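What follows is calculated from the coordinates using simple rules that are stated; it is not laboratory data. Since we're looking at a predicted model, the values are computed, not measured. Using ideal geometry, Cβ is built from the backbone for each residue, glycine included, and neighbour counts are taken over all protein chains shown.
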Amino acid sequence: MKKLLFMLLIVTIGVTSCQKEVCDNPFYCEWDTPFGVPPFDQIKIDHFKPAFIRGMEEEIEAVNAIINNPEEPTFENTIKALQFTGDLMEKVQRAFGQLSSANTNDSIQALQREMSPLFSKHRDDISLNEKLFERVKSVYENRDKFELTPEESKLLEDQYTGFIRSGIGLSPEDKEKLRKLNSELSLLSVKFGENLLAETNGFTLVIEDEEDLSGLPEGVRAQAADAAKAKGMEGKWLFTLHNPSYIPFMTYADNRALREKMFRGYMMRGNNGNERDNNQIVAEIVRLRVEKARLLGYESHADYILERNMAKEPEKVLGFLAEIWKAALPVAKAEAAAQQELIDQEGGNFRLEPWDWFYYTEKIRKEKYDLSDEETKPYFSAKSVTDGMFHVANRLYGLEFSERNDIPLYHPDVKTYEVKRDKKHVGILMIDYHPRASKRGGAWCSGMRPQKIDENGKFVTPLVSMVTNFTPPSGDTPSLLTPDEASTLFHEFGHALHNLLSNVEFSSGPSRDFVELPSQIMEHWVFEPEVLKVYAKHYQTGEIIPDGLIEKIKKAGKFNQGFTTIEYLAASSLDMEYHSLTEPVEINVAEFERSAMEKYGLIREIIPRYRSTYFSHIFFGGYSSGYYSYIWCEQLDADAFKAFKETGDIFNKEVADRFEKEILARRGSKDELEMWVAFRGREPSIEALLENRGLIAR
C-alpha cells in the first residue's frame, strides 16, 4: 500500500485546478518556480491548515471514486489509481515537514500538535476502508491474469500487505481501538520531539573566566565568543549542547568539572523532572506500541516492524548485534584501561568517567598518531568537502552540480544545486549546513519530491534536501569540519544520490535496514588518498593536504573503534529491548534502561549513544526496532566497497554502473536481498564489517 499508510507521505508534482479566487493559497496553484520547488517565499503558516483540510478531503473523494467504479477491479483502476490519490495532501505535507524539522517555530509546532490526530484519523480512514480493501484483495487474488511487471507485482504486494498490517482484518471494536492507539502514538511522538528540541536549546554553559577555557583551541573559543555576543553577553563565552559546540568542549576542555557539567546537561535531556520530561512519554509509547502489535496479531512491536525489513525477525537482529558486541567489548575495555593508565601517569587521583572519554582519547590519539582534529580541520572546510563529494559523484555516476540562486529557500542558510547528467536535468539538491534553534539536531536527508512517473506518464525529477549541524563560519574563518563531520556530509550525500538516481515507475522506499547502504558506502571515499588530493585543501593557503597528514589519518582510522562500536550497539540493543516486550506493561524508564545495559555488560565508562529520553530515532524519527540498521548495512557497504577495491580502481565504472543499476535506481521496487545478490553475486557476510572497524571476532 502506498507510503501514506506507513506514516510517510509520497509527494507528486500534481496540482489542483488554479482559480483566481483560491490562489491566495500557494498550495492551490500550479507552482511556477524553477523545477516546481515549493515557493517558500510565498508560503505562510496560515496556508497550511486549510490546505491540509482540503488535501484530505480531495484524497477521500479520490478513494471513493475508486471504490464506486462500476468496472471490475484491475491493476490500473485500483492499485495504480490508488497511487495517484492525495496529490495536494502530499505536496503540503512535504513542505510542512521540511519546515517542522529544519526551521520550526511555536506556530508550526502548535499546528503539528493540532493536525497530528487528524492525520492519524485520515490514514486510518483509508487503511481501514473495507470496500477499498475488497477491490485491492480482488486484484491480488487474480494477479496472475493481469500480466504484471515485476515492479507492478511488488507494488500490489506492498499495497495488499499494507492493508493487512494496518488492521483491515480486525473486528469493528478492535478497529476503533486501533484508531485510538494510532492517534495517541502520533501525539506522543510529536510531544517527544518538541520536548527534546526545547531541552537541547534550553541548556547553556556561560564562561566568564578565561582560565576556564584552558585547553580549548582558538577556533572553538572564537565560536563561543560569537555565540555569547549574539545573545548579548559580549566578553563571555557561550557553549551549547549542539554538537559543533559540545564535542569540541568535551574533547579539549581541561576543566574536568565543567566537562562533567556539560556531559550531564547532554545526557539528562528530557530527564529533568520538568514540563519537558520525556520519561512518561517513552513509557507510554512503548506500552502503546506493544498493545498495537498484539492487537494486530504480532508478539511484539519488533516482530511487527521487522517483518518488512531484511532481518525479518528480532532473533536475527539480536544475534547479529551480539556477535559484534562480543568482538568490540574487549577493545572498548582496553581503550578504557589505556585512558585510566594515562590519568594515573598524570597524577590524576580519580577514576575514568564518561565525561573524560573524549578528552583522554584525544590525548592518546595525539600521542600515538601525532594527530588531532585541529590539525586536519583547516583542510576540511564545508565548501571543500562539498566539492569533494561532488567530484566523487561525477567520477562514479557522471553527475554535475551547479549552484542556483533563483530558487526559493526555506531558510537563507540553504545552498541549492541543480544536478545534471549528460547535460540533462536530474534533480535539485538543497544543503542546509549549520545549527540554529529552529532546527532539530543531527543530520538527515529527505525528499521534498521523490522521483516517479506521474499519472500522465511524465518522469518526475526529485527535489532532495540534506540537513546537517556543522560549525558555522566565524569572522574570516569558514565552516571547518572534523573528519567525522566530513564523513557525515558524505553519508547524507549518499542518501541524496539514492533519491537523485532513482528510476522507478512507482515511488516507494527501501526497508529501514537497507536504506543506509547507499549512504554508508559513500563514507568509504572520504579519506581515500586519491580523493583527498582533489578536495582537501587548506582554506587559507590552498595547499593540498600533505602526504604525511594523509598517512596519519589512515593510521588513526580504526582508533577508538571499541568505544564507537559499543556506544552504538548499546543504543541499538536498548531499542530492541524496549520493542521486544510482549506485554503492554508499565515500565520505569530509568530502571529499564539500567537493567538492559547491565544485561549486555556495558562498562560504566560508556553510556548508550542515545539514552531513552533523547532517543529521537526510535521515539520520534521512525527508527523504532530499526536503529540496528546502520551497522546491519555496514556489512553491506563494507562488502560493496570491496567490490571496487578488488578491481584496483575505487572509481571502477563497471562496478559503479552495476551499483547504480541494481541498488540505487531500483529504490524499493524489488526484494532487497535479490538486489544485493544481483550486484555482488552472493549474500553479504560480516567479515568485511569487522575488518572495516578493526575488530577481531573472538
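I need the calculated FRET efficiency for the pair D212 and V534, taking r as the beta carbon distance and R₀ as 30 Å, to the nearest 0.05.
Working: r = 41 Å, r/R0 = 1.35.
Taking R0 as 30 Å, the efficiency between D212 and V534 is 0.15.
Taking amide H atoms as placed 1.01 Å from N in the peptide plane, list the residues 5 or more away in sequence, or in a different chain, whose amide H sits under 5 Å from that of M448.
Hits under the 5 Å cutoff: L463, V464, S465.
Quote the relative contact order of region 152-252 in percent (integer), defining contacts as alpha-carbon pairs under 8 Å separated by 6+ residues.
Numbers: 64 pairs, mean separation 22.3, N = 101.
Once normalised by length, the contact order is 22 percent.
Short version: ³J(HN,Hα) in whole Hz for each residue of region 59-68, in order, from phi by Karplus 6.51 cos²θ - 1.76 cosθ + 1.60 (θ = phi - 60°), x for Gly and Pro, what are they?
Per-residue couplings from phi come out as 5, 5, 4, 5, 5, 5, 5, 5, 4, 8 Hz.
Would you work out which of A227, G265, W237 lies farthest towards the positive end of the dipole of region 203-267, given +1 charges on the beta-carbon of Lys and Arg and -1 on that of Asp and Glu, about the Cα centre?
G265
For the chain, with the dipole built from +1 on Lys and Arg beta-carbon atoms and -1 on Asp and Glu ones, taken about the Cα centre, which of G55, N201, A486 lies farthest toward the positive end?
The residue sitting most towards the positive pole is G55.
Taking R0 as 25 Å, what FRET efficiency do you get between M268 and A437 from their Cβ-Cβ distance, rounded to the nearest 0.05? Walk me through the numbers on the way to the answer.
Details: r = 19 Å, r/R0 = 0.78.
Computed FRET efficiency for M268 and A437 comes out at 0.80.
What distance in nm lies between label points placed 7 Å from Cα along the C-beta direction at E130 and D41?
Here the modelled spin labels are 5.3 nm apart.
Under 14 Å Cα to Cα from K377, which aspartates and glutamates show up? Leave out anything in the same chain fewer than 8 places away.
E218, D484, E485, E543
Just grab the label-to-label distance for D226 and V585, each label 7 Å out from Cα along the Cβ direction, in nm (one decimal).
For D226 paired with V585, the spin-label model returns 5.1 nm.
Using the Karplus curve 6.51 cos²θ - 1.76 cosθ + 1.60 with θ = phi - 60°, work out ³J(HN,Hα) for each residue of region 670-675 in order, rounded to whole Hz, and write x for Gly and Pro.
Taking θ as phi minus 60°, the curve returns 8, 4, 6, 5, 5, 4 Hz for region 670-675.
Using modelled backbone amide H atoms (1.01 Å from N, in-plane), which distant-in-sequence or interchain residues come within less than 5 Å of V426's amide H?
HN-HN under 5 Å from V426: V419, K420, R421.
Could you name the aspartates and glutamates in cross-link range of K145, using Cα to Cα under 19 Å and dropping any fewer than eight places away on the same chain?
Answer for K145, where 19 Å is the Cα cut-off: E71, E72, E76, E134, E157, D158, listed by chain and number.
Residues of region 455-483 with amide nitrogen under 19 Å from the 7 Å Cα-to-Cβ point of A665?
458-462
Rounded to whole Hz and in sequence order, give me ³J(HN,Hα) for region 588-598 from the Karplus expression 6.51 cos²θ - 1.76 cosθ + 1.60, θ = phi - 60°, writing x for Gly and Pro.
Each residue of region 588-598 in turn: 8, 4, 4, 5, 4, 5, 4, 5, 4, 6, 5 Hz.
Measuring from centroid to centroid over Cα atoms, what is the spacing of region 195-245 and region 598-650 in Å?
Here the two parts' Cα centres lie 30 Å apart.
In nm, what is the difference between 0.36 nm times the number of residues separating A334 and E71 and their Cα-Cα distance?
Numbers: separation 263, 0.36 × 263 = 94.68 nm, distance 6.98 nm.
Computed gain between A334 and E71 is 87.7 nm.
Filter the cross-link list K333/K552; K175/K292; K326/K645; K424/K452; K80/K452; K420/K537 down to pairs whose alpha-carbon distance in this structure exceeds 19 Å.
Working: K333/K552 24 Å; K175/K292 11 Å; K326/K645 28 Å; K424/K452 17 Å; K80/K452 13 Å; K420/K537 26 Å.
With Cα atoms farther than 19 Å apart: K333/K552; K326/K645; K420/K537.
Pick out, from W31, L156, Q93, the residue whose Cα sits farthest towards the positive end of the charge dipole of the chain, with +1 on the Cβ of Lys and Arg and -1 on the Cβ of Asp and Glu.
L156
For K261, list the aspartates and glutamates whose Cα falls under 18 Å from its own Cα; do not include residues on the same chain fewer than 8 positions away.
Candidates past the 8-residue exclusion: E199, E208, D209, E210, E211, D212, E353, D356, E605.
For region 171-219, state the average projected area of the convex hull of the C-alpha atoms over all orientations, rounded to one decimal in nm². Please report the intermediate quantities before stating the final value.
Values: hull surface 22.4 nm².
That works out to 5.6 nm², a quarter of the Cα hull's surface.
May I ask for the Rg/Rh ratio of the chain, computed from Cα atoms with Rh as the Kirkwood radius, given to two decimals? Provide the component values of the computation, followed by the final result.
Values: Rg = 25.3 Å, Rh = 26.7 Å.
When Rh is taken as the Kirkwood radius, the ratio is 0.95.
When only alpha-carbon atoms are used, what values of Rg and Dmax, in angstrom, describe region 545-615?
So, for region 545-615, Rg and Dmax equal 17.2, 58 Å respectively.
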